[in-house]
Amino acid sequence: MTKIPDFPLNNDVLMPQLGFGVFQVSDEEAERAVAVAIRAGYRSIDTARIYENEEGTARALKAAGVPREELFITTKLWNADQGYDSTLRAFDASLARLGLDYLDLYLIHWPMPGRGTYLDTWRAFGRLYADGRVRAIGVSNFLPEHLTRVMDAGDVVPAVNQIELHPYLSQAELRAFHAEHGIVTEAWAPLGQGKGLLDDAALAPIAAKHGKTAAQVVLRWHLQLGNVVIPKSVTPARIAENIDVFDFELDTEDVAAIAALDAGSRLGPDPATFAWMG
Ligand code: NAD
């Protein structure tokens, strides 16, 4: 079984550099897919309140019988729950659905800057962290100006910013900002959601050279950049394929060819304006 390297967060908590995402997976399907992932060696699972699969994820974790301290469980506060008191309530509800008594990482899903609630939300995150109910707190889809406001307002620097990041959107500026402030970059849609990117003609020769697939090449690119990745699949063979990325190394030429694919194009919404409440 593959051993996944750990990444130290800014409070020395260790986070596996590769985990398993369950976006757009039904509760029942999440139960099956997370069970397969745990058997394949994944220990970090990324869910969210809005995915509506925290319970299926919990059933798989319970059945797997892996010691709690070997797991790294992330969930996210949904937009409709932003605000101090509502965050505390939403955290309790997520934790109960997950069947856990503490969380490894809790993220603010989107900044929704137009609503002006993320600083109050972050204060509640600080309280949960101080109370030992979550080992690390972070954000998702935050832009540098949002991160700056959070860092200026409180004394806990987000451990992680989970952002859309793949070869078509390599996020060099945000990654540099994170590096400067000790924030780990976690890539969502690391495979570009499968569509288009994995068929890009630039990837095939690199994959052939290493005897790997395009998906494995893309995941390796992330790991070598220093990103945490959480690829998603519900297909057992792909779940196994996506974790089998620790036995080869891209060379400078490969990395340059992948860097040249950056088009600054998003698959998801613009964090500056997205405010869907679900
Ligand atoms: P992804 O880049 O992980 O792509 C997943 C898709 O790629 C699969 O549905 C499948 O179609 C294809 N795929 C997977 N493995 C493959 C393989 N080996 N070969 C060929 N095709 C393959 O996209 P994602 O699911 O959007 O992102 C990963 C995780 O990030 C999510 O599951 C979720 O946990 C998280 N996420 C977070 C946010 C956020 O706002 N914070 C948004 C989207 C996703």
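The values are calculated or read from the model by the stated rules, or taken from the named source; none is laboratory data. Keep in mind the model is a prediction, meaning the values are calculated, not measured. Reconstructed Cβ throughout: ideal geometry from the backbone, glycine too, with neighbour counts over all protein chains shown. Just so you know, the surface numbers come from the protein's heavy atoms only, side chains and all, with ligands and any DNA or RNA stripped out. Shrake-Rupley method; radii C 1.70, N 1.55, O 1.52, S 1.80 Å.
May I ask you to derive the relative contact order of region 85-172, considering only C-alpha pairs under 8 Å and at least 6 residues apart, and to give it as an integer percent?
On the way: 95 pairs, mean separation 24.6, N = 88.
Once divided by the residue count of region 85-172, the mean separation gives 28 percent.
On full extension of the chain, what length is gained from Ala153 through Phe246, given 0.36 nm per residue of separation minus the C-alpha to C-alpha distance? Write out the running numbers ahead of the final one.
Values: separation 93, 0.36 × 93 = 33.48 nm, distance 3.92 nm.
Stretched out fully, the Ala153 to Phe246 stretch lengthens by 29.6 nm.
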Discussion item. Quick check: the distance between the Cα centres of region 239-260 and region 89-126, to the nearest angstrom?
Written reply: 33 Å
Worksheet item: What list of ³J(HN,Hα) couplings, whole Hz, do you get for region 255-268 from phi and the Karplus terms 6.51, -1.76, 1.60, once you set θ to phi - 60° and write x for glycine and proline?
Response: 4, 5, 5, 6, 4, 5, 7, 4, 10, x, 9, 8, 8, x
Discussion item. Quick check on region 1-89: take the gyration tensor over C-alpha atoms, sort the square-rooted eigenvalues as a ≥ b ≥ c, and tell me if it's rounded (a/c under 1.5), prolate or oblate.
Written reply: oblate
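In Å², what does the accessible area per residue of the chain work out to with a 1.4 Å probe? Intermediate values should be presented prior to the final figure.
Working: 11640 Å² over 278 residues.
Result: 42 Å² of accessible area for each residue.
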Practice prompt. With label points built 7 Å along Cα→Cβ from the Cα atoms of Thr273 and Ala93, find their separation and express it in nm.
Written response: 2.9 nm
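If a/c stays under 1.5 just call it rounded; otherwise compare a/b with b/c (prolate if a/b is bigger, oblate if not). Do that for the chain, with a ≥ b ≥ c from the square roots of the Cα gyration tensor eigenvalues.
Working: a/c = 1.74, a/b = 1.27, b/c = 1.37.
The shape class here is oblate.
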Worksheet, complete the sentence: Quick calc, the chain, dipole around Cα centre from Cβ unit charges on Lys, Arg (+) and Asp, Glu (-), nearest 20 debye, gives 440 debye
Item to complete: Express in Å², to the nearest 10, the accessible area of Ile4 obtained by rolling a 1.4 Å probe over the protein heavy atoms while all chains stay in place.
Response: 10 Å²
Worksheet, complete the sentence: Bridge orientation stat for the chain from DSSP, antiparallel percent rounded to 5, came to 15 percent
Worksheet, complete the sentence: Classified through the alpha carbon gyration tensor (a ≥ b ≥ c as square roots of its eigenvalues; rounded if a/c is under 1.5, else prolate when a/b is larger than b/c, else oblate), region 113-243 comes out prolate
Worksheet item: Which aspartates and glutamates does Lys212 reach when only Cα atoms under 12 Å apart count, and residues fewer than 8 places away in its own chain are ignored?
Response: Glu241, Asp244, Asp247, Glu249
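By the scheme Lys and Arg +1, Asp and Glu -1, what is the net charge of all other residues having a beta-carbon under 15 Å from that of Leu198? Spell out each step's value before the answer.
Details: positive: Lys195, Lys212, Arg220, Lys232, Arg238; negative: Asp199, Asp200, Glu241.
Net charge around Leu198: +2.
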Worksheet item: Could you give the longest part of the chain that holds none of the trypsin sites (Lys or Arg not before Pro) found in DSSP loops with at most 10 neighbouring Cβ atoms within 10 Å?
Response: 4-194
Item to complete: Determine ³J(HN,Hα), in whole Hz, for all residues of region 199-204 in sequence, where each value follows from phi through the Karplus function 6.51 cos²θ - 1.76 cosθ + 1.60 and θ = phi - 60°; x replaces Gly and Pro.
Response: 9, 4, 4, 5, 7, 4
Worksheet item: What is the gain in length, in nm to one decimal, between Gln24 and Ala201 on full extension, counting 0.36 nm per residue of separation less the C-alpha to C-alpha distance?
Response: 61.0 nm
